[in-house]
Amino acid sequence: MSERGRTSPVEPPPSRWDMPTTAPRDDSDIVAIGADLEPGTLLAAYRAGLFPMPFDRKRIAWFSPDPRGVLPIERFHISRTLARHLKRFTITIDQAFTDVMRGCAFQPRSGAWINGDFIDAYTTLHQLGWAHSVEVRSVDSGELVGGLYGVRIGGLFAGESMFHLQNDGSKAAMVGLVGWLGRTGATLVDLQWTTPHLVSMGAIDLPRDEYLRQLALAIES
C-alpha cells in the first residue's frame, strides 16, 4: 500500500450556522434541513455527530441516526477468501480523491445522492486536509475498481460512501482504510448505518447517546 504523508489540516472559517444537537423527531434520522456545504459547516456538523445528504433539489438534510453504525477497529474481520483476493489489488490513500467520489456517485443503485455540489464541497475539504480517500486498483489493468471516502477529525473517521467495479473492490478499500487508521491512531470509525456487508466485517450498532460520547473523545484525540 502507498499513501501520502500526513500533514496538519487547515481549519477553515467557522460556519455561520449553529449545528443542532437534538435527537431526530421521527424515524427518518433527520435533525435539521437547510444550511450549506461550506468547509466550516461540514466540519461543525461532523463534530456534532451529523452528516449531510440532499433533501430536495435545493436543500440539505442533516442526519444523526439512532442507532449509529460504527466499526470497532479491533473487531475488523477479513475472511480467508478476501485475504486471498487482496493480491489482485493495489491499495492507495489520497491519490485520486475526486475520482473515488465520482465512482461512488455513479454506482447503479437506488438512493444515489452524491451530486456535483457534494463532489465540489468534499474535494475542497480534501484539499484542506480533512477528507480522505482509499483507492483500489486492479493489479492487471491499473484501473480504479473500488474505493471509499470520508472525513477525518482527530481520532474520528466518518465514512461517507464506497463503490466497487470488481468483486471485493469495496472490501479491499475497507482493508486499506482500517490499516491506515490503525497506523495513525484513529479510535472511532463512523459508518452511519450498518449493512450486512459491513456487519460481516465487524460493524456494530451503537445507541445515539453512546456514539456522541465516543465522538467527543475521538475528535479530541
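Coordinate-derived values only; no laboratory data. Since the structure is predicted, the reported quantities are computational estimates derived from the model, not experimental observations. Don't worry about glycine lacking a Cβ; one is built from the backbone with ideal geometry, like all the others, and counts go over all protein chains shown.
Sites listed here are trypsin sites (Lys or Arg not before Pro) in region 17-58 whose DSSP assignment is loop and whose Cβ has at most 13 other Cβ atoms within 10 Å: 25, 57, 58. Less than 20 Å from a label point 7 Å out along the Cα-to-Cβ axis of residue 221: which backbone N atoms in region 165-190 qualify, by residue? So the set is 174-190. In terms of packing, defined here as the mean over residues of other Cβ atoms within 10 angstrom, the peptides 123-129, 133-139, 68-74 line up highest first as 133-139, 68-74, 123-129. More than 14 Å apart: what percent of Cα pairs in region 48-96 qualify? Of all Cα-Cα distances in region 48-96, 74 percent exceed 14 Å. Projected onto the charge dipole of the chain (+1 at Lys/Arg Cβ, -1 at Asp/Glu Cβ, origin at the Cα centre), which of 218, 164, 51 gives the Cα projection farthest towards the positive end? The Cα lying farthest towards the positive end belongs to 164.
Across the alpha-carbon atoms of the chain, the computed radius of gyration and Dmax are 16.6, 50 angstrom.
For the peptides 156-162, 26-32, 49-55, residues were scored by their other Cβ atoms within 10 Å and the scores averaged per peptide; the highest-first order is 156-162, 49-55, 26-32.
Calculate, for residue 21 and residue 167, the FRET efficiency according to 1/(1 + (r/R0)^6) with r their C-beta to C-beta distance and R0 45 Å; round to the nearest 0.05. In this case the efficiency is close to 0.65. Under 19 Å from a point placed 7 Å out from the Cα of residue 204 along the Cα-to-Cβ direction: which residues of region 134-160 have their backbone N that close? Output list for this probe position: 156-159. Near residue 135, the amide H atoms lying under 5 Å from its own belong to 92, 93, 94, 95; only residues 5 or more places off or on other chains count, and H is placed 1.01 Å from N. Note on residue 77 and residue 99: the extension gain reaches 5.2 nm, defined as 0.36 nm multiplied by sequence separation minus the Cα-Cα distance. Note on region 104-221: along the principal axes its Cα atoms extend 43, 33, 31 Å, ordered by decreasing extent. Normalised by the number of residues in the chain, the average gap of Cα pairs under 8 Å and 6 or more apart makes the relative contact order 25 percent. As a ratio to 2.2 N^0.38 Å, the alpha-carbon radius of gyration for region 8-63 is 1.13.
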